[in-house]
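Asker: Once you've had a glance at the structure underneath, I'll fire off some questions.
Every number here is computed from the coordinates shown, using simple stated rules; none is lab data. All of these numbers come straight from a predicted model, not from anything done at the bench. Note that each Cβ is placed from the backbone with ideal geometry, even for glycine, and that neighbours are counted across all protein chains shown.
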Amino acid sequence: MFVVITVGSLLPAHDLPPPTFDGMDKLEHALGYAVLAGYGAWLFPTRRLHVLLGVIVFGIAIEVAQGAFTASRSADVFDAIADAIGAAAGQLAVRRRQRAEPSP
């Protein structure tokens, strides 16, 4: 998932399909990071905070890389915020699911 997000985030803008509605970019960020952080929380249930912080730092690093290393992309603080919100939502969803499951 890290590779998919990294490649998708650093592709030239003209190689990406145009958004179908306003805000689609932020929704894609939130959903991608929700899956990433949720999967991490599922794999490492005792390290949820570390996973969450790692995913958020990864999102910020991707935004910095877009601004520094691509000509057709730019860093966007609102993308980083969408990443963080998605990461928190993904972890919350996994945590609720784990609490709802009966213990073996």
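Asker: Gain in length, R95 to M1, computed as 0.36 nm per residue apart minus the alpha-carbon separation, to one decimal in nm? The partial results should precede the final answer.
Answerer: Details: separation 94, 0.36 × 94 = 33.84 nm, distance 1.99 nm.
Extending this stretch completely gives an extra 31.8 nm.
Asker: Which net charge results when you count Lys and Arg as +1 and Asp and Glu as -1 among the other residues whose beta-carbon is under 13 Å from that of D79? Mind showing how you got there, number by number?
Answerer: On the way: positive: K26, R73; negative: D25, E28, E63, D76, D83.
So the environment of D79 carries a net charge of -3.
Asker: Taking the mean number of other Cβ atoms within 10 Å as a proxy for protection, how do you rank 9-19, 73-83, 31-41 from highest to lowest?
Answerer: Put in order of decreasing packing, that is 31-41, 73-83, 9-19.
Asker: Then there's this: Which value in nm describes the separation of the simple spin-label points at A71 and L27, placed 7 Å from the Cα toward the beta carbon?
Answerer: So the label points at A71 and L27 sit 3.2 nm apart.
Asker: Tell me which of P102, L10, W42 sits at the most positive position along the dipole axis of the chain, charges placed on C-beta atoms (Lys, Arg +1; Asp, Glu -1).
Answerer: Farthest towards the positive pole: P102.
Asker: Report ³J(HN,Hα) in whole Hz for each residue of the stretch 43-59, in order, from the Karplus equation J = 6.51 cos²θ - 1.76 cosθ + 1.60 where θ = phi - 60°; Gly and Pro get x.
Answerer: The phi angles translate into 6, 10, x, 8, 10, 4, 5, 4, 4, 4, 5, x, 5, 5, 4, 4, x Hz.
Asker: Which whole-number percent is the relative contact order of the stretch 25-99 (Cα, under 8 Å, 6+ apart)?
Answerer: 50 percent
Asker: Which one of G86, G67, G23 has the biggest mean-square fluctuation once the chain is modelled by GNM with Cα springs under 10 Å?
Answerer: G23
Asker: Let me ask something additional. Using a Förster distance of 22 Å, how high is the FRET efficiency between V64 and L16, based on the Cβ-Cβ distance and rounded to 0.05? Write down the numbers at each step before the final one.
Answerer: Values: r = 19 Å, r/R0 = 0.87.
Given R0 = 22 Å and the Cβ-Cβ separation, E is 0.70.
Asker: Rounded to the nearest 500, what is the 222 nm mean residue ellipticity of the chain from helices alone, with -39500 (n - 2.57) per DSSP H run of 4+ residues and division by all residues?
Answerer: Working: 4 runs with 75 residues, N = 104.
About -24500 deg cm²/dmol.
Asker: Turning to a different aspect of this structure: In whole Å, largest first, what are the principal axis extents of the Cα atoms in the stretch 25-99?
Answerer: 45, 21, 14
Asker: What is the sum of charges, Lys and Arg at +1 and Asp and Glu at -1, for the other residues whose Cβ falls under 13 Å from the Cβ of E28?
Answerer: On the way: positive: K26; negative: D22, D25, D76, D79, D83.
Result for the local shell: -4.
Asker: If Lys and Arg each add +1 and Asp and Glu each add -1, what is the summed charge of the other residues whose beta carbon sits under 13 Å from the beta carbon of V64?
Answerer: Working: positive: R73; negative: E63, D76, D79, D83.
My count for the surroundings of V64 gives -3.
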